Amino acid sequence: MELFDYLSEYDYEQVIYCHDKASGLKAIIAIHDTTLGPALGGCRMWPYASEEEALLDALRLSRGMTYKAAAAGLNLGGGKTVVIGDAKKDKSEALFRSLGRYIQSLGGRYITAEDVGTTVSDMDMIHTETTFVTGVSKAYGSGGNPSPMTAFGVFRGMQATAKVALGSDDLSGKTVAIQGLGSVGYALAQQIHDAGGKLVVTDINPDAVMRAKEEFGAEAVGIQEIFDVRCDILAPCALGAVLNDQTLPKLKCKAIAGSANNQLGEARHGDWLHSHGILYAPDYVINSGGLINVADELEGYQADRAMKKVDNIYNIMLELYAVSERESIPSYAAADHMAEERIQLMQQVRSTFVQGSRTVLQK
């Protein structure tokens, strides 16, 4: 991999390799774009098969965070940290405090948060060494677990999607098929149930499925059978790349709106959905509630304010679908267009020096 060629092609700003022999830290911080503000993105811990695999994951995820923050209307850029290691056995105070010192050395260009393989307690250890971390314990001013806010944002985005695809944002009597009943998927199921929706669910955890059957009257199907379910809305809330050559021909839904990241296997799968009249809610827009919630911590966390911002995902989704229809482009392309347009506009605004301005162009 020719790293600098890749960075140039996708407009990355900085990649930082972090190594500490004493703690065993091996981490990569990728900063994609800080046009709108400091880069915010979680810290993922995973036993990558190679350093190149870890690098590519950091780069891909940080770029996704740029688009997510821009589309959500946040004054933040995109970044990501990946720690090479097994979250079940390689964690230590020394490792996370060492990472915290690296983050502190960036002077606020990058702010971290929880992600796959990391927890609130891990963020607390990072917080010992730097203030540039969110998702810490409530004692430090955090909003706590962001999953409920993510689920609420997906629910509001689903209502907006239903309004466009089904003619009404009322989910009463509508059938929603949920793939994945983790912390976000289950909270989403609760809200759909409370709104009068009918649920069809699947998950690799049989206990979660049984609980959904008992509490929500949900119908349970097999992992692969979820794509064959005749429903109004399919909600992928587990793995990425589930909308692919194998699953698309099976779909019997009118819309797709879920919390999973990177749902499209490839961009062409978004084109397929558009051409077949299945409305797709771009994942990085509809699932931005968690990011919006942790970003509020940077202003001194206020739950009501954060909730109001997450609620606005409904309006953002409607605007996105309007762009898609007006420009005759797939919804995923409309989301990219909206994010890129906002970034480009601010690049132009910040090209003019203003004495005493709170922001300084870094590029």
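All of the numbers you see were taken from the coordinates with simple rules; none came from a lab. All values reported here derive from a predicted model rather than from experimental measurement. Please note: Cβ atoms are built from the backbone with ideal geometry, for glycine as well, and neighbour counts cover all protein chains shown.
Positive contributions from Lys and Arg (+1) and negative ones from Asp and Glu (-1), summed over other residues with Cβ under 10 Å from the Cβ of ILE343, come out at -3.
Only DSSP H runs of four or more residues enter the estimate; each adds -39500 (n - 2.57), and after division by the residues of the chain the mean residue ellipticity at 222 nm equals -13000 deg cm²/dmol. Neighbours of GLY222 by Cβ distance under 12 Å: Lys/Arg scored +1, Asp/Glu scored -1, total -4. In the chain, the longest principal axis of the Cα atoms and the axis of helix 313-327 are about 80 degrees apart.
Translational diffusion coefficient of the chain (Stokes-Einstein, Kirkwood radius from Cα pairs, 20 °C, 1.002 mPa s): 102 µm²/s. For GLY85, the residues whose modelled amide H falls within less than 5 Å of its own, excluding neighbours fewer than 5 places apart on the same chain, are TRP46, TYR48.
Rounded to the nearest 20 debye, the dipole magnitude of the stretch 147-342 is 380 debye, with +1 charges on Lys and Arg beta carbons, -1 on Asp and Glu beta carbons, and the Cα centre as origin. Rounded to the nearest 20 debye, the dipole size of the chain about its Cα centre is 540 debye, using +1 on the Cβ of Lys and Arg and -1 on the Cβ of Asp and Glu. Considering only VAL120, ALA139, VAL164, and ranking their Cα positions along the charge dipole of the stretch 115-173 that arises from unit charges at the beta-carbon of Lys, Arg, Asp and Glu, the one farthest toward the positive end is VAL164. Counting only C-alpha contacts under 8 Å and six or more residues apart, can you give the relative contact order of the stretch 147-342 as a whole percent? It comes to 23 percent, rounded to a whole number. Chymotrypsin sites (Phe, Trp or Tyr not before Pro) within the stretch 177-276: which are DSSP loop residues with at most 10 other Cβ atoms inside 10 Å? Qualifying residues, ordered by number: none. For the chain, averaging the sequence separation of C-alpha pairs within contact (under 8 Å, six or more residues apart) and dividing by the residue count gives a relative contact order of 15 percent. Extents of the stretch 126-202, taken as max minus min of Cα coordinates on every principal axis and listed largest first, are 50, 25, 17 Å. Computed from Cα positions, the angle between helix 93-105 and the longest principal axis of the chain comes to roughly 70 degrees.
Computed from Cα positions, the angle between helix 51-71 and the longest principal axis of the chain comes to roughly 70 degrees.
Expressed as a fraction of 2.2 N^0.38 Å, the C-alpha radius of gyration for the stretch 147-342 is 0.97. Selection among SER50, ALA339, PRO236 by position relative to the dipole of the chain gives ALA339 as farthest towards the positive end (Cβ unit charges, Cα centre).
For the stretch 1-121, the Kirkwood radius over C-alpha pairs fed into Stokes-Einstein at 25 °C and 0.890 mPa s yields D = 172 µm² per second.
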